[in-house]
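First up is the structure itself, then whatever we jot down about it.
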Amino acid sequence: MTEAERILLDLLDIERLEVDLFRGTGSGGETPTRIFGGQVIAQALAAAYKTVEERLCHSLHAYFIRPGDPDKPVIYQVDRARDGGSFTTRRVVAIQNGKQILNMSASFHVQDEGWDHQHPMPTVNPPQTYPSRSELRHAYVDRVPEGFRGELLRERPIEVREVDHLDPFNPEVSDDRNKTWFRMAAAASADAKTQHLLLAYASDMNLMSSGLRPHGLSWFSGEFNGASLDHALWFHAPVKFQNWHLYVMDSPWTGQGRSFNRGSIYSEDGTLVASVAQEGLMRKVQRKRQVSGVKC
């Protein structure tokens, strides 16, 4: 197990403070200046799971209310909304500095029999044929200010290989469809609940980038302010995140300073494991006007 993988698993092992009150670590995720959205979702789901027995989550719906401060812990308060015969419902509020940063509802279901169908996984080359995220970032490191290079090259727990990679410093106008292979080798020893937490964490990776592609934008362009506004995730099949999964994403709409993005997550054998939907902030950066050489 790598140090980055150990850190992520520790992040998801939240502390119980009271019967329905938990505490999670803010630092250590994908982003350094604010808590990575997938991290808050995964920790909120971890808190809900600690109040549920013998049922697995089938869906969650979350709203991001405020950015999280990675230098401070996050408190998770669980409301046991319902314990039914087939479904269990939990509401989770994530709190920092006495204010809500995320609200989430999650539903858990007993295993039922039913009719099966799914859309097929798109045909793409195997993950080994694409460069890793680490290889790509090393190739770009000279184009980043020296003070940011350590963060760019920092080891990450999720192995990522982009099928439809664009140069983040000179992105071309492209189709909104966007595919990525990802996995975490250390998930091999994880139980079914932890597998869900890891997939919930990873489901926030690269998704909003789909809405940037038709406009020739990237997170390095400096032309927009972006953040996740809400996030929905449905689990369809058992997750074994130590194996490669293909994340197939698209963005059917952007407008009014927002971007709507969707995703389907397939295991390597083509099984549709999960579906994702998210709306994100995509607001133009307001440039200061300049009149007669004076900024105003």
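Only one entry in Pro157, Pro168, Pro127 is closer than 20 Å to Ser209 by Cβ, open to solvent by less than 30 Å² (accessible area, probe 1.4 Å) and touching a Lys or Arg at 6+ places or on another chain (Cβ under 6 Å), namely Pro127.
If the condition is being open to solvent by less than 40 Å² (accessible area, probe 1.4 Å) and of a type in the set (Val, Ile, Thr), then segment 1-17 contributes only Ile14.
When you go through Gln100, Gln96 one by one, which is the residue that is in contact (Cβ under 8 Å) with a residue 60 or more places away in the chain, surrounded by fewer than 21 Cβ atoms within 10 Å (Cβ to Cβ), closer than 25 Å to Asn225 by Cα and of a type in the set (S, T, N, Q)?
The unique qualifying residue is Gln96.
Only one of the listed residues (Ala94, Ala106, Ala81) is of a type in the set (Gly, Ala, Ser), more than 21 Å from the chain's Cα centre (by Cα) and outside any loop (DSSP other than H, G, I, E, B). That residue is Ala81. When only residues in segment 216-252 that are in contact with a Phe, Trp or Tyr (Cβ under 7 Å, 6 or more places away or on another chain) and assigned to a loop (DSSP other than H, G, I, E, B) count, which is nearest to Val124 (Cα to Cα)? Among those residues, the one meeting the criterion is Trp244. Residues that are modelled with pLDDT under 95, under 15 Å from the mean Cα position of the chain (by Cα), assigned to a loop (DSSP other than H, G, I, E, B) and charged (D, E, K, R) occur at least once in segment 156-166. For segment 264-296, taking the residues that are open to solvent by 60 Å² or more (accessible area, probe 1.4 Å) and hydrophobic (A, V, I, L, M, F, W, C), the one that is modelled with the lowest pLDDT is identified as Cys296. Residues in segment 260-272 that are over 30 Å from His215 (Cβ atoms) and assigned to a strand (DSSP E or B): Ser267 only.
Can you spot a residue in segment 55-66 that is β-branched (Val, Ile, Thr), assigned to a strand (DSSP E or B) and modelled with pLDDT of 95 or more? Scanning segment 55-66, I find no residue that is β-branched (Val, Ile, Thr), assigned to a strand (DSSP E or B) and modelled with pLDDT of 95 or more, so the answer is no. Identify, please: which residue in segment 18-42 is open to solvent by 70 Å² or more (accessible area, probe 1.4 Å) and not in a loop (DSSP other than H, G, I, E, B) and is, among those, nearest to Arg66 (Cα to Cα)? Once the filter is applied, the top-ranked residue is Arg23.
Residues that are touching a helix residue (DSSP H, G or I) at 6+ places or on another chain (Cβ under 9 Å) and touching a residue at least 24 places away in the same chain (Cβ under 8 Å) were ranked within segment 130-143; the one that is most open to solvent (accessible area, probe 1.4 Å) is Pro131. Does segment 243-263 contain any residue that is in contact with a helix residue (DSSP H, G or I) (Cβ under 9 Å, 6 or more places away or on another chain), within 17 Å of Gln43 (Cα to Cα) and open to solvent by 10 Å² or more (accessible area, probe 1.4 Å)? There is no residue in segment 243-263 that is in contact with a helix residue (DSSP H, G or I) (Cβ under 9 Å, 6 or more places away or on another chain), within 17 Å of Gln43 (Cα to Cα) and open to solvent by 10 Å² or more (accessible area, probe 1.4 Å). Filtering segment 131-155 to residues that are touching a Ser or Thr at 6+ places or on another chain (Cβ under 9 Å) and not in a helix (DSSP H, G or I) leaves only Glu155.
Scanning segment 15-74 for residues that are in contact with an Asp or Glu (Cβ under 7 Å, 6 or more places away or on another chain) and among the aromatic types (Phe, Trp, Tyr) turns up Phe22, Phe36, Tyr63, Phe64. Of the residues making up segment 171-192, those that are crowded, with 19+ Cβ neighbours inside 10 Å and either closer than 20 Å to Leu272 by Cβ or touching a Pro at 6+ places or on another chain (Cβ under 6 Å) (or both) are Asp176, Asn178, Lys179, Thr180, Trp181, Phe182, Arg183, Met184, Ala187. Counting the residues of segment 167-203 that are touching a Ser or Thr at 6+ places or on another chain (Cβ under 6 Å) and farther than 22 Å from Pro32 by Cα gives 3. Kindly establish whether His119 is exposed (fewer than 12 other Cβ atoms within 10 Å of the Cβ) and touching a residue at least 24 places away in the same chain (Cβ under 8 Å). Against the criterion (exposed (fewer than 12 other Cβ atoms within 10 Å of the Cβ) and touching a residue at least 24 places away in the same chain (Cβ under 8 Å)), His119 qualifies.
The values are calculated or read from the model by the stated rules, or taken from the named source; none is laboratory data. Quick caveat: nothing in here was measured; it's all calculated off a predicted structure. Note that each Cβ is placed from the backbone with ideal geometry, even for glycine, and that neighbours are counted across all protein chains shown. SASA here: full protein model, heavy atoms, side chains in, ligands and nucleic acids out. Shrake-Rupley method; radii C 1.70, N 1.55, O 1.52, S 1.80 Å.
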